[in-house]
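Notes to accompany the following structure.
The values are calculated or read from the model by the stated rules, or taken from the named source; none is laboratory data. Every value quoted in this text rests on a predicted model; they were computed, and no experiment measured them. Using ideal geometry, Cβ is built from the backbone for each residue, glycine included, and neighbour counts are taken over all protein chains shown. Accessible surface areas use protein heavy atoms only, side chains included; no ligands, DNA or RNA. Shrake-Rupley method; radii C 1.70, N 1.55, O 1.52, S 1.80 Å.
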Amino acid sequence: MKKNLIRAAIVVASTGTVAAGLVAGTGTAAAAGDLAVSAYTKCVTSHDRPGTDRVVFVRNVGNTTVKHVRVGELDGPEASIPRLAADQEIGPRSNGMRYYSATGVRRAGELAPGESIKTWHVVRGCTGPWAIAGYALSNPMDNPFNNADVRWSPNKPPRETR
């Protein structure tokens, strides 16, 4: 009988410890980084090759740094984000993607609070498709509810000329 009471006390104590850890973990998750994604297409004639820009914009709207950030497009390229100075543009890389950050990205693969990056690649011509599904991934995963954006239009996207 005494052994059973000791075992029950150990189980209750360990359950309380696990529950406290879960509550603490929930508080940490609520304070974690949060990637907000916006995706769109646009017809551009100002590039060296006119075409359709397929753009995925990602901003960390949380209050901690998000690590191991990969940005991509469904049925398109995906890559880890590079280090960028404010107002720096890189591209196109071997995966065909170009990168730009107005805020700067201090470390490759990471977005600190408030940092953002725009990635895009150019598809020849302005004949479509004008649907895009952009996403951002991180490890560990942040709030997944705004990590993707899907846009579709039956109409030709707006044309940009510079």
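Laid out as a table, the results:
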item	result
Identity of the residue in segment 115-149, in a loop (DSSP other than H, G, I, E, B) and of a type in the set (A, V, I, L, M, F, W, C), that ends up most open to solvent (accessible area, probe 1.4 Å)	141
Residue tally, condition open to solvent by 20 Å² or more (accessible area, probe 1.4 Å) and either modelled with pLDDT of 95 or more or assigned to a strand (DSSP E or B) (or both), over segment 42-62	4
Count of residues meeting criterion [within 19 Å of residue 33 (Cβ to Cβ) and out of contact with any Ser or Thr (no Cβ under 6 Å at 6 or more places or on another chain)] in segment 80-139	22
Selection count, segment 81-114, where residues are β-branched (Val, Ile, Thr) and open to solvent by 40 Å² or more (accessible area, probe 1.4 Å)	1
Of the criteria (1) in contact (Cβ under 8 Å) with a residue 40 or more places away in the chain; (2) charged (D, E, K, R); (3) under 20 Å from residue 151 (Cβ atoms), which one residue 98 fails	(1)
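A quick yes/no check of all residues on (1) modelled with pLDDT of 85 or more; (2) under 24 Å from residue 135 (Cα atoms); (3) touching an Asp or Glu at 6+ places or on another chain (Cβ under 7 Å); (4) of a type in the set (S, T, N, Q):
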{"position": "1", "(1), (2), (3), (4)": "no, no, no, no"}
{"position": "4", "(1), (2), (3), (4)": "no, no, no, yes"}
{"position": "12", "(1), (2), (3), (4)": "no, no, no, no"}
{"position": "19", "(1), (2), (3), (4)": "no, no, no, no"}
{"position": "23", "(1), (2), (3), (4)": "no, no, no, no"}
{"position": "37", "(1), (2), (3), (4)": "yes, yes, yes, no"}
{"position": "64", "(1), (2), (3), (4)": "yes, yes, no, yes"}
{"position": "84", "(1), (2), (3), (4)": "yes, yes, no, no"}
{"position": "94", "(1), (2), (3), (4)": "no, yes, no, yes"}
